[in-house]
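*Asks:* The structure that follows is given in the form of structure tokens.
The values are calculated or read from the model by the stated rules, or taken from the named source; none is laboratory data. No experiment lies behind these values; they were computed from the predicted model shown. Note that we place each Cβ from the backbone using ideal geometry, even for glycine, and neighbour counts take in every protein chain shown.
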Amino acid sequence: MQTIINRHASSFRDPSGNIFTDNGVLLRSVNPIYFEQYNALNNSGFYKKLFDNGLLIPHEEVANEQSHITIKPEKIAVFSYPYEWSFSQYKHAALHTLKLQKYCLQNGYTLKDATAFNVTFHKGSPVFVDSLSFDKYSEGEPWRAYKQFVMHFLAPLVLAKYYGNDMLKLLLQYIDGIPLQKASKLLPFSAKFSPVLYTNIVLAAKYDAKYSSDDKGAGKQVTISKQAQIRILDSLYNYIKDLSLNEKTEWKNYYSITNYDAAAFDFKKQLVSQWQSQINAQKVVDLGGNDGTFGRVLKDSAAEILVTDIDPNAVNQNYSQVLSNKEKNILPLVSDLLNPSPGIGFNNKERLPLQQRIKDNNFDLSLALALIHHISLTGNVPFEMSAQMFASLTPYLIIEFPDREDSWVSFLLKSKREFAGHFDYYNKANFEKAYTDVYDVVAQQEIPNTHRTMYLLKRK
């Protein structure tokens, strides 16, 4: 067995192999225990079929030794996690997993893992990333990852349907999936009349409670034909495909209620494009980017654009545009800049913090447009602290500062009531003083007919 150096912090659960880095290149080792399956998948051409159909991240074999095989997966710009997806992204990740399992069955294979953490978004679409999650299918064998699929995909989506987008963040707490008994208890009574939910959550929870708490189910053999299994997959697929939720959020239509005119809006777009071109920024992260309006300005000039926003419906709108426009270099994610995704799992490193993933990807430029007043006046974050945070992410920053006369700023200050005096520090002079401690000003420009100034800053 190969000794793994620089093993990825998330890669320890599967005996079949491990992810590791070598001189900054991400590789996957295949252990002898998985050689039979790997060789079958490789020699039969099934891996290539999965690549060609966009079902599995492509890889190439770079070493084949008696003790190990090494493969090199196609590079993924930023790996995202389920609790950072919008509702449609989560749905499409679930549908992708079901489609993959059905395709496997039709070709004599099966998925042994169906965790949501084996799916991420790449080139605008969901893709399965674990090349070692496949096994040969034996007739009558049930899908061993069925329960995992329900806990990682069906349960969060259904709970989001009934209780809102926040349910999609449950995997932050339940890294191994939402327990079936808990999911069943949380379902409203009316939901239990759905044949899909009654069968796949309520009855599954009862079965799990009966046979997993002791040895009653030990050695219990369950068989199910391939066609019956495909019918179950189709039933789940059709149900999830039609899922929707109706939850209003604050910022979904933010750009329809901006406090400056169309000319100022276009001026801001042109300035962002001009400055990005000036520094030739190829990797851009748009923080608080709403539906991606300003990140999308750069789609033809930047190689990678990550757009994060606190509002899941705005992120959903962005994702819809990514799909309809086939924008393979834009990745929308749900993230609260005041409470971004933390490190979770073993040693808090199994799933890395979002900001760490941004740093690891070596982004060139951050956009912080119409954001600083929310950070400072809603989040009470001092300028010095926000400057340090932005500077930790990228070498360049384009930031928009609305002064005290701006209508949004005025509204936020009034909402502070008796504490408004504490925010007397919020002004352009103090902002510039704090930010020039860590940045050099490359350029600045007032937006015409507004009380806002744009800055292009370079980290010292």
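*Asks:* Suppose we filter Phe153, Phe128 for residues that are among the aromatic types (Phe, Trp, Tyr), modelled with pLDDT of 95 or more and in contact with a His (Cβ under 8 Å, 6 or more places away or on another chain); which single one remains?
*Replies:* Phe128
*Asks:* Sort through Thr394, Thr450 and tell me the only one that's touching a residue at least 40 places away in the same chain (Cβ under 8 Å), buried (at least 21 other Cβ atoms within 10 Å of the Cβ), under 22 Å from Asp336 (Cβ atoms) and of a type in the set (S, T, N, Q).
*Replies:* Thr394
Yes or no, residue by residue, for (1) closer than 30 Å to Lys416 by Cβ; (2) charged (D, E, K, R):
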position: Gln276; (1), (2): no, no
position: Gly295; (1), (2): no, no
position: Pro312; (1), (2): yes, no
position: Gln321; (1), (2): no, no
position: Asn329; (1), (2): no, no
position: Asp364; (1), (2): no, yes
position: His374; (1), (2): yes, no
position: Thr378; (1), (2): yes, no
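*Asks:* May I pose another question? Hey, can you tell me all the residues within the range 270-296 that are crowded, with 21+ Cβ neighbours inside 10 Å, assigned to a loop (DSSP other than H, G, I, E, B) and more than 20 Å from the chain's Cα centre (by Cα)?
*Replies:* Of everything in the range 270-296, just one residue is crowded, with 21+ Cβ neighbours inside 10 Å, assigned to a loop (DSSP other than H, G, I, E, B) and more than 20 Å from the chain's Cα centre (by Cα), namely Ala281.
*Asks:* Let me ask something additional. For the structure I just gave you, tell me whether Tyr455 is in contact with a Lys or Arg (Cβ under 7 Å, 6 or more places away or on another chain) and either small (Gly, Ala, Ser) or assigned by TED's automatic domain parsing to the domain that holds Asn380 (or both).
*Replies:* no
*Asks:* State all residues of the range 39-66 that are of a type outside the set (A, V, I, L, M, F, W, C) and closer than 16 Å to Phe128 by Cα; if no residue qualifies, say none.
*Replies:* Tyr47, Lys48, Lys49, Asp52, Asn53, Gly54, Pro58, His59, Glu60
*Asks:* Next question, about the same structure. When the residues of the range 412-447 are narrowed to those that are among the basic types (Lys, Arg) and not in a loop (DSSP other than H, G, I, E, B), which ends up surrounded by the fewest Cβ atoms within 10 Å (Cβ to Cβ)?
*Replies:* Filtering the range 412-447 for residues that are among the basic types (Lys, Arg) and not in a loop (DSSP other than H, G, I, E, B), the one surrounded by the fewest Cβ atoms within 10 Å (Cβ to Cβ) comes out as Arg417.
*Asks:* Select from the range 171-214 the residues that are in contact with a Phe, Trp or Tyr (Cβ under 9 Å, 6 or more places away or on another chain), assigned to a loop (DSSP other than H, G, I, E, B) and among the hydrophobic types (A, V, I, L, M, F, W, C) and write down the one among them that is nearest to Ser341 (Cα to Cα).
*Replies:* Filtering the range 171-214 for residues that are in contact with a Phe, Trp or Tyr (Cβ under 9 Å, 6 or more places away or on another chain), assigned to a loop (DSSP other than H, G, I, E, B) and among the hydrophobic types (A, V, I, L, M, F, W, C), the one nearest to Ser341 (Cα to Cα) comes out as Ile175.
*Asks:* Right, another one. Count, please, the residues in the range 91-105 that happen to be surrounded by fewer than 20 Cβ atoms within 10 Å (Cβ to Cβ) and free of Cβ contacts under 8 Å to residues at least 60 places away in the same chain.
*Replies:* Residues in the range 91-105 being surrounded by fewer than 20 Cβ atoms within 10 Å (Cβ to Cβ) and free of Cβ contacts under 8 Å to residues at least 60 places away in the same chain: 2 in total.
*Asks:* Another question, then. Enumerate the strands (runs of 3 or more DSSP E) found wholly within the range 99-144, keeping only those where 3 or more residues are of a type in the set (Gly, Ala, Ser) and closer than 30 Å to Val322 by Cα.
*Replies:* Qualifying strands (runs of 3 or more DSSP E): none found.
*Asks:* Quick one: Leu338 ticks every box in (1) in contact with a Gly (Cβ under 6 Å, 6 or more places away or on another chain); (2) farther than 21 Å from Ala420 by Cβ except a single one, so which number is it?
*Replies:* (2)
*Asks:* If Ile71 passes every condition in (1) under 23 Å from Tyr109 (Cα atoms); (2) under 25 Å from the mean Cα position of the chain (by Cα); (3) among the aliphatic types (A, V, I, L, M); (4) not in a strand (DSSP E or B) but one, which one does it miss?
*Replies:* Going through (1) under 23 Å from Tyr109 (Cα atoms); (2) under 25 Å from the mean Cα position of the chain (by Cα); (3) among the aliphatic types (A, V, I, L, M); (4) not in a strand (DSSP E or B) one by one, Ile71 breaks only (4).
*Asks:* Across the range 252-271, what is the number of residues that are at pLDDT 75 or above and under 13 Å from Val297 (Cβ atoms)?
*Replies:* Final tally of qualifying residues: 7.
*Asks:* Scan the range 161-193 for residues that are in contact with an Asp or Glu (Cβ under 8 Å, 6 or more places away or on another chain) and within 18 Å of Phe87 (Cα to Cα) and jot them down.
*Replies:* Gly164, Asn165, listed by residue number.
*Asks:* Still on this structure: Identify all residues within the range 1-43 that are surrounded by 13 or more Cβ atoms within 10 Å (Cβ to Cβ), without any contact (Cβ under 8 Å) to a residue 12 or more places away in the chain and closer than 17 Å to Tyr137 by Cβ; write none if there are none.
*Replies:* Matches in the range 1-43: Asn39 only.
*Asks:* Before we move on, is Asp234 under 22 Å from Asp113 (Cβ atoms), surrounded by 15 or more Cβ atoms within 10 Å (Cβ to Cβ) and over 19 Å from the mean Cα position of the chain (by Cα)?
*Replies:* no
*Asks:* Hey, among the residues in the range 335-390 that are surrounded by 21 or more Cβ atoms within 10 Å (Cβ to Cβ) and of a type in the set (S, T, N, Q), which one's nearest to Ser86 (Cα to Cα)?
*Replies:* Selected residue: Ser335.
*Asks:* Please verify whether Asn325 is out of contact with any strand residue (DSSP E or B) (no Cβ under 9 Å at 6 or more places or on another chain), under 30 Å from Leu157 (Cα atoms) and crowded, with 21+ Cβ neighbours inside 10 Å, treating the condition exactly as stated.
*Replies:* Judged against the criteria, Asn325 is not a match.
*Asks:* Same structure again: Do you know which residues across the range 44-54 are surrounded by 13 or more Cβ atoms within 10 Å (Cβ to Cβ) and either in a helix (DSSP H, G or I) or touching an Asp or Glu at 6+ places or on another chain (Cβ under 8 Å) (or both)?
*Replies:* Phe46, Tyr47, Lys48, Lys49, Leu50, Phe51
*Asks:* Just the residues that are touching a Pro at 6+ places or on another chain (Cβ under 8 Å) and under 17 Å from Ser386 (Cβ atoms), please, taken from the range 426-452.
*Replies:* Ala434, Arg452
*Asks:* I'm checking my understanding of the structure. Among residues of the range 137-180 that are crowded, with 16+ Cβ neighbours inside 10 Å and among the polar types (S, T, N, Q), which one is farthest from Asn238 (Cα to Cα)?
*Replies:* Asn165
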